[in-house]
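Below: one structure, written as structure tokens.
The values are calculated or read from the model by the stated rules, or taken from the named source; none is laboratory data. Just so you know, these numbers come straight off a predicted model, no measurement behind them. So basically every Cβ, Gly included, is an ideal-geometry build from the backbone, and we count neighbours across all protein chains shown.
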């Protein structure tokens with residue numbers, strides 16, 4: 001497939017905002033191509049995505065490899081997955097207005113022009129990421145998620161692609177003992193199983209959350225065992241694409257925002273004030289600061305490469 005996108009767009013920055021660390025085993029990036037496995041219906045499809053147009057005239061070339069798919073319109077479904085995960089259709093008018101009114105944001109927005117807000121492909125994967133990363137380092141949380149995906153991967157899947165994160169039904173079938181063997185604590189295993197059960201029995205579904213206000217979505221998510229304010233806000237931003245939401249309890253964000261703003265420290269109350277000030281796109285500031293941290297670590301690598309000619 002070829003997807004034409006409104007400019008500006010940079011696949012590399014958007015994928016790094018999705019990956020978060022070089023140790024991510026679910027989203028592979030080699031500096032040119034993003035590789036990811038997703039479920040479409042009951043089939044696993046491997047996606048290999050490259051940007052074959054420049055930042056100001058972006059085109060994505062998407063190669064899809066997989067087993068027989070029972071979905072009635074697989075190409076449309078896969079295009080929707082790619083567009084959703086890469087934030088291609090995210091409304092950024094509010095962010096543009098915010099940048100115009102906030103002088104401190106302008107250098108970051110210019111430096112990382114082309115970033116779109118990424119999303120996990122499913123509500124369950126967003127919840128699993130939130131649970132796994134609670135009260136541990138990001139590297140530890142992503143290592144646990146990668147190990148879980150590898151161990152619970154379906155036997156029928158493209159061999160050269162990373163494993164997909166398992167479906168709720170697969171996690172429920174594995175059970176708590178298998179999750180603890182993979183490294184999930186007793187509490188986190190229980191939380192993950194509770195999320196899987198809520199989705200599997202349709203007590204929780206993405207469509208209902210999409211129809212809810214930000215406050216209502218927070219309330220619904222927080223009703224799940226183990227999902228407190230940070231986890232609910234994390235899922236709202238990264239799973240539901242709620243760009244007004246800033247995870248105000250994120251300790252890493254406290255540190256990096258304080259450094260960027262030249263403050264001695266920030267706490268949740270100060271973050272809440274900033275979230276209100278940066279409406280309606282506080283979540284985009286979160287992504288910009290994540291890229292700045294990766295950039296400072298030398299992870300982002302060279303500037304955006306020249307596109308490879310389309311075949």
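General observations
- Listed by first and then second residue, the pairs with beta-carbon distance under 7 Å, at least 6 apart or on different chains, first residue in the range 17-34 and without any contact (Cβ under 8 Å) to a residue 12 or more places away in the chain, second buried (at least 16 other Cβ atoms within 10 Å of the Cβ), are 19/27; 19/29.
- Options 240, 167, 204, 246: the member that is closer than 30 Å to residue 266 by Cα, touching a helix residue (DSSP H, G or I) at 6+ places or on another chain (Cβ under 8 Å) and in contact (Cβ under 8 Å) with a residue 60 or more places away in the chain: 240
- Subset of the range 180-201 (residues that are free of Cβ contacts under 8 Å to residues at least 12 places away in the same chain and not in a helix (DSSP H, G or I)): 185, 201
- Screening residue 149 on (1) touching a residue at least 60 places away in the same chain (Cβ under 8 Å); (2) in contact with a helix residue (DSSP H, G or I) (Cβ under 6 Å, 6 or more places away or on another chain); (3) under 19 Å from residue 42 (Cβ atoms) shows it passes everything except condition (2).
- Any hit, the range 224-231, residues being outside any helix (DSSP H, G or I) and at positive phi: yes
- Residue that is surrounded by the most Cβ atoms within 10 Å (Cβ to Cβ), among those in the range 141-156 that are within 22 Å of residue 119 (Cβ to Cβ) and in contact with a strand residue (DSSP E or B) (Cβ under 9 Å, 6 or more places away or on another chain): 149
- In the range 133-148, the residues that are in a helix (DSSP H, G or I) and more than 13 Å from residue 23 (Cβ to Cβ): 148
So that you can scan it fast, the table gives a plain yes or no per residue for (1) touching a helix residue (DSSP H, G or I) at 6+ places or on another chain (Cβ under 9 Å); (2) within 18 Å of residue 24 (Cβ to Cβ); (3) modelled with pLDDT of 95 or more:
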{"position": "87", "(1), (2), (3)": "yes, yes, yes"}
{"position": "91", "(1), (2), (3)": "no, no, no"}
{"position": "96", "(1), (2), (3)": "yes, no, no"}
{"position": "120", "(1), (2), (3)": "yes, yes, yes"}
{"position": "188", "(1), (2), (3)": "yes, no, yes"}
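- Meets criteria (under 28 Å from residue 80 (Cβ atoms), in contact with a strand residue (DSSP E or B) (Cβ under 9 Å, 6 or more places away or on another chain) and in a loop (DSSP other than H, G, I, E, B)) for residue 120: no
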